[in-house]
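One structure is given below, encoded as structure tokens.
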Amino acid sequence: MQVHQTDFSTGSVRKNILDVALPMTAAQLLNLLYNIVDRVYIGMIPDVGQVALGGLGLCFPIIMMVTAFTNLFGGASPLCGIARGAGNEKEAENIMGNAFVLLVLSGVILMTIGLVFHKPILYLFGASDVTYRYAAEYIMIYLLGTVPVMIALGMNPYINSQGFPRIGMLTVFLGAVVNIVLDPIFIFVFDMGVSGAATATIISQFLSAVWVLKFLTGKQAALRLKRESMKLSAVRVKNITGLGLSSFVMSFTNSLVQVACNSTLQQFGGDLYISIMTILNSIREIAQTPVNGLTSGSSPVLSFNYGEKQYKKVRQGIWFAAAVCIVYTLIIWGLIFLFPRVFIGIFNRDPELMTDAVPAMHVYFFGFFMMALQFAGQNAFTALGKAKFAVFFSLLRKVVIVVPLTLLLPRIGGLGVMGVFLAEPISNFIGGTACFVTMLCTVMPELRRGGKA
């Protein structure tokens, strides 16, 4: 198979970003299908679709926790880009090998803990006796595929960092297509219900993991996964976890926010509002994926040019990514505001759910464009290896702003469940502004001075 490698050292930085970002965005949209397709089909199960959808929503914090540890080690791929830009390919391979070992070890540990303690965890996260059945049915099977899930998602960024975004896209395309085909067969034809959706997901992720390992150990990879590169080094582990900590915190705090939302919604609104939050989270994931794809696509380009000391290109790349993200999110906000029932109806068309979900959606997505500032600012910090800034702003938005507001607002002025949905736009305005302005005041002056902080 002939593969195309983008040379980050030549051509326009905007073109290089798009060369990487477009396949990565497509890959992330396909990856999103793993979970979105599950939710769409589960929501269509006769008689129990709405309740089963709520049960699946209770699994999100656990799935996000797996994603958090995947990002902790996969999120350090900019270190490979910086090492390659500096001409040190051996070190780049050692970084990748260490990351692989850490992904496998953490995957085994997370799977074991999840299988043993899933019941108390799900009830802690807001399960009722009705929704627990569906949540447990899904998560017990999903957890069995933890290691291949983490390999597929965690090692794919190391393919992208080498300039092979189309291979990265095909990684996800393979699994997504298999999942789309197997989901209706397992759920409806074999009458496996929720467990069928989980089974389809882990089979598809296993195939994606095999594809990733085949490419990274093959001759066409610029950096290869070798046994000698898997020997753990304390310094590399520290650097990997230090940079990946930003992505870890983002996913971990997403899990924390979801726990706070589900438990509060259970208290003030019951199972119906957990189902509504599951739908709104699904729509948000779809809407923000192009933003995440563009910023993630810019990361290896920014990292390489930063390592090569091409600071003007780095500045151009940061501004380009930010501008495109802001324009896109403004358009999406308008569509969601005008056509909420269309988006909600993708997952469930129950009249009672629709009546309560529309006003919740208008509140939850208010000022959606401010989220783009958080992504653009945080990505600039991560791509240039400035882990402390990236971690701080992840914690600020989620832990300092969203979680306290989620717990507090429902108790103020009779807001109730609407207080939970209001916490999201407030955090976007405060956290997004703080992150982007700080990036402009720290990173940009450094780049103009020639890269010396």
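Observations, loosely collected:
- For region 124-283, the carbon plus sulfur part of the accessible surface works out to 67%, probe radius 1.4 Å.
- Normalised alpha carbon radius of gyration of region 403-445 [divisor 2.2 N^0.38 Å]: 1.56
- Spatial separation of Cα centroids for region 85-137 and region 285-324, in angstrom: 27 Å
- Qualifying aspartates and glutamates (Cα of each under 15 Å from Cα of residue 231; at least 8 residues distant if same chain): 91, 93
- Share of carbon and sulfur in the accessible heavy-atom surface of region 324-453 [1.4 Å probe, %]: 75 percent
- Set 238/386; 226/386; 313/386; 214/386; 312/398 screened for pairs whose C-alpha atoms are more than 21 Å apart: 226/386; 214/386; 312/398
- Phi-derived couplings, Karplus 6.51 cos²θ - 1.76 cosθ + 1.60 at θ = phi - 60°, listed residue by residue for region 203-212: 5, 5, 5, 4, 5, 5, 5, 4, 4, 4 Hz, with x used for Gly and Pro.
- Highest-first arrangement of 422-433, 373-384, where packing means the average Cβ count within 10 Å: 373-384, 422-433
- Over the chain: helical MRE at 222 nm, DSSP H runs n ≥ 4 each giving -39500 (n - 2.57), nearest 500: -27500 deg cm²/dmol
- Anisotropy class of region 1-143 from Cα gyration tensor, a/c 1.5 cut: oblate
- In sequence order, region 222-230 has phi-based couplings of 6, 10, 10, 7, 10, 4, 5, 7, 8 Hz under the Karplus curve 6.51 cos²θ - 1.76 cosθ + 1.60, θ = phi - 60°, and Gly or Pro positions carry x.
- Estimated translational D of region 173-287 in µm²/s (Stokes, Kirkwood radius over Cα pairs; 37 °C; 0.692 mPa s): 181 µm²/s
- Each principal axis of the Cα cloud of region 291-413 was evaluated for its coordinate range; sorted largest first, these ranges are 57, 31, 20 Å.
- Proximal lysines relative to residue 219, as straight alpha-carbon distance under 16 Å, when same-chain residues fewer than 8 apart are discounted: 90
- Look at the Cα gyration tensor of region 163-212: its axes a ≥ b ≥ c give a/c of at least 1.5 with a/b over b/c, and that counts as prolate.
- Accessible area in square angstrom per residue, the chain, 1.4 angstrom probe: 39 Å²
The values are calculated or read from the model by the stated rules, or taken from the named source; none is laboratory data. Treat the numbers as computed from the prediction; the structure is a model and nothing was measured. All Cβ positions, glycine included, derive from the backbone under ideal geometry; neighbour counts span all protein chains shown. Side chains are part of the model used for accessible areas, which takes the heavy atoms of the whole protein and leaves out ligands, DNA and RNA. Shrake-Rupley method; radii C 1.70, N 1.55, O 1.52, S 1.80 Å.
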